[in-house]
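What follows is one structure encoded as structure tokens, with my remarks underneath.
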Amino acid sequence: MFFRRKQSGRHEYLQIVANERVAGRHRQSVVATLGRVDELEQSGTLERLLRSGARFCEQALVLSAFEHGQAEILAARRLGAPLIFARLWQETGCQAVIEALAAERGFGFALERAIFLTVLHRLIDPGSDRAAARWRDAYAIPGTEELDLHHLYRAMAWLGEALPDQRSSGLAPRTTKDLIEEALFAGRRHLFNDLGIVLYDTTSLYFEGDGDTLGRFGHSKDHRPDLKQVILAVVVDAEGRPILSELWPGNTTDVTTLLPVIARLKQRFLISRIRVVADRGMISAATIAELERQGIEYVLGVRERRAKEIAGVLAECSTAVPLSIPKAADRGTTDLMISEVVRGDGTPRRRYIVCRNEAEAAKDAAEREAILESLREKLKASDLALVGNRGYRRFLKPVGGQRFAIDPARVAADARFDGVYVLRTNAKASALEIAITYRQRFVVEDIFRSAKSLLATRPVFHKCDETIRGHIFCSFLALVLRKELMDRLAAAGRDLEWAEVIFDLERLVETEIMQDGKRFLVRPAAPGCAGVVFQAVGVALPPTVRAARPPPAPPQRSSQGRPKHRKRGANAAPASANLLEEQIFPN
């Protein structure tokens, strides 16, 4: 229906007209003639009629006023990410676990909300805790309104606080964050069978400050040897779900970390049998010997070019079996040729799985030929300077005096490694299964590569070990939520990039306006893929227009002083993971 002005003689009349479709044609019919326009305006009848009808279409009037810039804008806050990740925070058990642990202490603020705020900040705009406190103002995050920066610092310190019981502490002390990891694992333990495949990798994170006892100079994977750093390790299951994180001083070497992590994994999570999948940087003779002694199955990458035995292994490769592994997002397959070589007559025998990727082999050959072509041209001019170039030097040989030439034997030796990676294992599984298991290790690499911003969380300005551990553990919790969201999108048949998801969630903004003395919250339609994300997670979008609650009154201070909270003694043991499991994940 609509209003229409109808000219009749010298006067205009106002009519209400209905528009309908009859037999494929539009047909208009007059519902009512309200009277002459000039008389309606002079008497105020039209205005009273419209105001009376406005009671039944307030939303339309509010939207119209907002769209035409006629409403007073009071505030605007992003609500997409807070709604989505609040649901995941709850359904993964993070909220209940932290609330149960925090209940043992008398905190004078919403500690669980402080941690959720920090984790959400890592997911959306990673940075320092000081930046998170400012960033919060642009988001609709219930329960965080009264939080200050010092509350975030206290929450980080609590996460990294050492526990009274330090049994099975390993390279790092047991802290509150360990209890959280154990309780989260207990809540989804049914996803593991007796043989759990765990994948392990490490990275380095540098500091802007000193970093207390954790901050040490070491081998920097970020290429910042001038700054102190810490070593972060993450263990995930075969599906990429984070299990635990460990944090060590920055001078800790990768090769010394694998065995302590395995020991803590078995003690903390009571996994009777595991198969460890790790990269070549974790290998040493002592590590392999201890894994064999403990009867732990392993699949470890080998440093092909540095291990003298590998040349013989490659020479013994004979029969190869083809293996095609589907890539993610229907991007084709990874095609491998798999061979098995067993060496040694003693016990244990050394079992190697040789994997050759023909596509990577062609790429390696092309890159080497480009280097050799450049080398041939440079040798015509001067060869002494070429010895200092590692890329060139590995193909050169001396030919008398101060002269050098390309060595065909070195070129042929290098070609043997084209597209090849070698695994060492003691697992009682077929060569194809071992190759597939090691390919799962790229799940961890993808986590470190695509979620580096979550893990890095720079700049790190904390000075105490406790707050450093808590700050970085929030990145681990961010990984938990990210993995859960991407799994739900995949289950819904949606293949979305992480950056695309965050971008569209950020565009969902709710605006608080004032119209006719009333406060309203107005939101646009869900932009881009945001609607799909809400459906996959099972969260309902708020109404397009809804009444806003009046701002809360400032809290009244009691004349009797601050309430006393029950404090836990310094030597009192915190709740165990088993007790938390019973409270949070009842049968």
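Read-outs throughout are calculated quantities, based only on the coordinates presented, and are distinct from any laboratory measurement. On a predicted model such as this, the values are computed, not experimentally measured, just so you know. Here the Cβ positions follow ideal geometry from the backbone for every residue, glycine too, while neighbour counts run over all protein chains shown.
A few comments on the model shown:
- Karplus (6.51, -1.76, 1.60) ³J(HN,Hα), θ = phi - 60°, over the range 245-253, in Hz, Gly and Pro reported as x: 10, 9, 10, 10, x, x, 9, 6, 8
- Sequence-ordered 3J(HN,Hα) estimates for the range 496-503 from the Karplus curve with 6.51, -1.76 and 1.60 and θ = phi - 60° stand at 10, 6, 4, 4, 5, 4, 5, 4 Hz, glycine and proline given as x.
- Equivalent ellipsoid, the range 2-54 (semi-axes from 5 times Cα gyration tensor eigenvalues, Å): 25, 15, 6
- Cα-projected label distance for ALA412 with PHE2, points at 7 Å along beta-carbon direction, nm: 8.6 nm
- If R0 is taken as 51 Å, the Cβ-Cβ distance between ALA263 and MET514 corresponds to a FRET efficiency of 0.25.
- Beyond 25 Å in Cα-Cα separation lie the following of the pairs LYS308/LYS378; LYS363/LYS483; LYS228/LYS363; LYS266/LYS428; LYS308/LYS380: LYS308/LYS378; LYS363/LYS483; LYS228/LYS363; LYS308/LYS380.
- Stokes-Einstein, applied to the Kirkwood radius of the range 217-320 over Cα pairs at a viscosity of 1.306 mPa s and 10 °C, places its translational diffusion at 100 µm² s⁻¹.
- Theoretical gain in end-to-end length, VAL399 to ASP38 [0.36 nm per residue, Cα-Cα removed]: 119.1 nm
- Bins of 5 Å, starting at 0 and running to the largest distance - Cα pair percent for the range 243-303: 4, 15, 31, 26, 18, 6, 0
- Full extension of the segment from HIS150 to THR213, taken as 0.36 nm per residue of separation minus the current Cα-Cα distance, would add 20.5 nm.
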